[in-house]
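J.: Supplied in structure tokens, the structure appears directly below.
The numbers here are math on the coordinates, done by the rules we state, and not lab data. As the structure is a computational prediction, the values presented were derived from the model and not from experiment. Cβ coordinates were reconstructed from backbone atoms using ideal geometry, including for glycine residues, and neighbour counts include every protein chain displayed.
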Amino acid sequence: MMRVRPEDFGAIVALDDPPALIHVDHALLAWLGHAPSPYADAPLGHLSAPTEVHLMVTNRCPAACPGCYTGATPDGDEPSEAALLDTVDRLADQGVFHLALGGGESLLHPALFRVAARARARGLVPNLTTSGLGLTPALAEACRVFGQVNVSLDGLDAAYRASRGYDGADTALRALRRLHAAGVPCGVNYVLSQATWAGLEATTAEVAAAGGQQIELLRYKPAGRGRDGYTDRALTEAQARALTPRLIALAAAHPSLEIKIDCSLVPFLCAADPTPALLSQLGVYGCEAANALASVDARGQATPCSFVDVPIGDAATLGAQWATHPTLQRWRHYARDEAPAPCSGCAYRAVCKGGCKVVSRQIDGDWFAPDPECPRVLAHRRGEAYVPVSPGAWPVSP
Amino acid sequence: MAPTPDPPASPAPPAAALEQDHVLAALRAAVPDGTPPPPQGRVLAVKLGYNPNSSSVGSVVSVLFWSATAAAAALNLTAALLAKHRAGPPDAPPADAPPPDAP
């Protein structure tokens, strides 16, 4: 299946096999047999809609992880099936491609699979994050409706306990094996924190053995319960600098495994001086809140990203406000319009977008400030010249 | 306080491992051998894979680690993939198509 959405630069073409979002120019759009983009002569200056929306189907969860970014509880908020279906329809009308369903524990919502089916029927690809709790073999079979399912796994044994507060690693790995057996594309979300830093290689090996196709590394975020004791959990500067060499070694050890990093880790990747143009071409980007990304929480409120606890309004108005809402405009254009030094002179500004604003809010008390954990920003604040990380045999170094 | 010293450099991934790369393998499997790229226009960027993580946006970085050649291969294979999906007969661009070097 191929979907085409006109944009300033031409169009985004969405394919399912293999899954890809492809940015094409106007000439290629024409050759593909599609009408010219209406934005060619009247550029928006941003994407016409998010490519992806995170939809929290519930904020109920029995796990009570100490770092839960949504602050989920056993009796947390949960939207009705009708509300979720309405949101899916509106996002489809807006031209969104992908829907990332999460919680809370998403599997607790009785209408989860009907919501996913509606997304499919409307041309959206639904994807899912789960802890794996309650994922029976039958539910694993039902998960074929999703484009991909990722299971949260922050390490093995003691590392998992330290991160999540309970013994859940075996449950998560069992869920991964069940998904793989059911033929569902699957992987793992691994939150990098001081507690989980050491266990990355061992966990990756278990993920590969269990049939996972992907490990996605997420930076620990100060949101929800994660705001408490954040500095004791967040990666240190030395760990941030060590990330890219470690990922290269991990890729070498597991070439058949897809290694992903989340948007907030891009400043750490850029610490090793990859070629900026190559990052853009391969769709590696930092903060895309209010541009490629938007989020809808369990109360039906829209936010620029899942970690932002200040909504812009009801999700029903997201489409109408997409181009004009001042908060969305500020989030999407912060790096271009107002980022101060060192971001203003950084070669990675257009890719990184100033780093994670949620971290800036936590450390500096200001969403719109350079990411205070970026190695370049730390060097700048110490008055030092930045010394790039040596990634060793970084193959694409200029 | 200055940061602690960086860890030892990592070895480069072996070239043979590139053949096993999950992303490139998926692209190769989807594009028949000999599929030509589109005769006009460019792929500006490609974001591979879905993003099941419901908290933040992920980017595949493993392709980035192999080599610049592998990255170029990903873009070329993506262009060929589009050619395969193109609607209508080959070599017959719409009458209103802009010239190949149009901005």
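J.: Taking the convex hull of the Cα atoms, report for chain A its projected area averaged over all directions, in nm².
T.: Values: hull surface 74.2 nm².
Result: a mean projected hull area of 18.5 nm².
J.: Over all distinct alpha-carbon pairs, what is the Kirkwood Rh of segment A:266-337 in angstrom?
T.: Values: mean 1/r = 0.0743 Å⁻¹.
That comes to 13.5 Å for segment A:266-337.
J.: Can you compute the label reach from A:Ile363? Point 7 Å from Cα along the Cβ direction, backbone N cut-off under 11 Å, restricted to segment A:216-249.
T.: What the label zone holds, given the 11 Å backbone N cut-off, is A:231, A:234-238, A:240.
J.: What nm distance separates the two modelled labels at A:Met1 and A:Asp309, each placed 7 Å from Cα along Cα→Cβ?
T.: 3.7 nm
J.: Within a 10 angstrom radius of each residue's Cβ in A:239-248, how many Cβ atoms of other chains show up on average? Whole number is fine.
T.: Working: counts 3, 1, 5, 6, 0, 5, 6, 2, 5, 10.
Counting other chains' Cβ atoms within 10 Å and averaging over A:239-248 gives 4.
J.: Could you work out the mean projected area of the convex hull around the alpha carbons of segment A:1-45, in square nanometres to one decimal? Please report the intermediate quantities before stating the final value.
T.: On the way: hull surface 12.1 nm².
With the hull built on Cα positions only, its mean projection is 3.0 nm².
J.: Something else now. Work out how much length A:Ala208 to A:Thr73 would gain on full extension: take 0.36 nm times their residue separation and subtract the Cα-Cα distance, in nm to one decimal. Each step should come with its number before you reach the end.
T.: Working: separation 135, 0.36 × 135 = 48.60 nm, distance 3.13 nm.
Between A:Ala208 and A:Thr73, full extension yields an extra 45.5 nm.
J.: Could you compute how fast segment A:330-369 diffuses translationally, taking Rh as the Kirkwood radius over C-alpha pairs and applying Stokes-Einstein at 10 °C with viscosity 1.306 mPa s? Give it in µm² per second. All intermediate terms of the calculation are to be shown ahead of the outcome.
T.: Details: Rh = 10.0 Å.
In µm²/s, the coefficient is 159.
J.: State, to one decimal in nm, how far the label point of A:Asp228 lies from the label point of A:Ala82, with both points 7 Å from Cα in the Cβ direction.
T.: 3.7 nm
J.: Loop only by DSSP, 16 or fewer other Cβ within 10 Å of the Cβ. Give me the chymotrypsin sites (Phe, Trp or Tyr not before Pro) in segment A:165-250 that pass, ordered by residue number.
T.: Values: sites: A:Tyr166, A:Tyr190, A:Trp197, A:Tyr220, A:Tyr230; in loops: A:Tyr166, A:Tyr220.
Of the chymotrypsin sites (Phe, Trp or Tyr not before Pro), the ones in loops of segment A:165-250 whose Cβ has at most 16 other Cβ atoms within 10 Å are A:Tyr166.
J.: Also: Treating segment A:158-313 as a set of equal point scatterers at the Cα positions, no solvent, please give the Debye-formula log₁₀ I(q)/I(0) at q = 0.08 Å⁻¹.
T.: So the normalised log intensities are -0.26.
J.: Shifting gears a bit: Taking the Cβ-Cβ separation of A:Asp17 and A:Arg161 as r and a Förster radius of 41 Å, what is the calculated FRET efficiency to the nearest 0.05? Don't skip to the answer; put the middle values down first.
T.: On the way: r = 39 Å, r/R0 = 0.95.
Efficiency, rounded to the nearest 0.05: 0.55.
J.: Sticking with this one: Between A:Ala277 and A:Ala181, what is 0.36 nm times their sequence separation minus the Cα-Cα distance? Round to one decimal in nm.
T.: On the way: separation 96, 0.36 × 96 = 34.56 nm, distance 3.88 nm.
Stretched fully, the A:Ala277-A:Ala181 segment lengthens by 30.7 nm.
J.: Another question about this same structure. Subtracting the Cα-Cα distance from 0.36 nm times the residue separation, let me have the gained length for A:Gln321 to A:Arg174 in nm, one decimal. Can you show the working numbers first?
T.: On the way: separation 147, 0.36 × 147 = 52.92 nm, distance 4.25 nm.
Additional length available on full extension: 48.7 nm.
J.: Considering Cα pairs under 8 angstrom that are at least six residues apart, work out the relative contact order of chain A and quote it in whole percent. It would help to have the intermediate numbers written out before the result.
T.: On the way: 805 pairs, mean separation 54.2, N = 398.
Once normalised by length, the contact order is 14 percent.
J.: So, one more: Rounded to the nearest Å, what's the spacing between the alpha carbon centres of segment A:242-281 and segment A:9-76? Just the number, please.
T.: So the two Cα centres are separated by 22 Å.
J.: Please report the antiparallel percentage of the DSSP beta bridges confined to chain A, to the nearest 5.
T.: Working: 17 of 49 bridges.
The answer is about 35 percent antiparallel.
J.: Quick check: Cα centre of segment A:93-109 to Cα centre of segment A:292-333, how many Å?
T.: 15 Å
J.: Right, next: How many angstrom lie between the Cα centre of segment A:112-168 and the Cα centre of segment A:362-393?
T.: What the calculation gives is 34 Å, centre to centre.
J.: For a label point 7 Å from the Cα of A:Ala35 along Cα→C-beta, name the residues of segment A:1-23 whose backbone N is under 12 Å from it.
T.: Only A:6 pass the distance filter.
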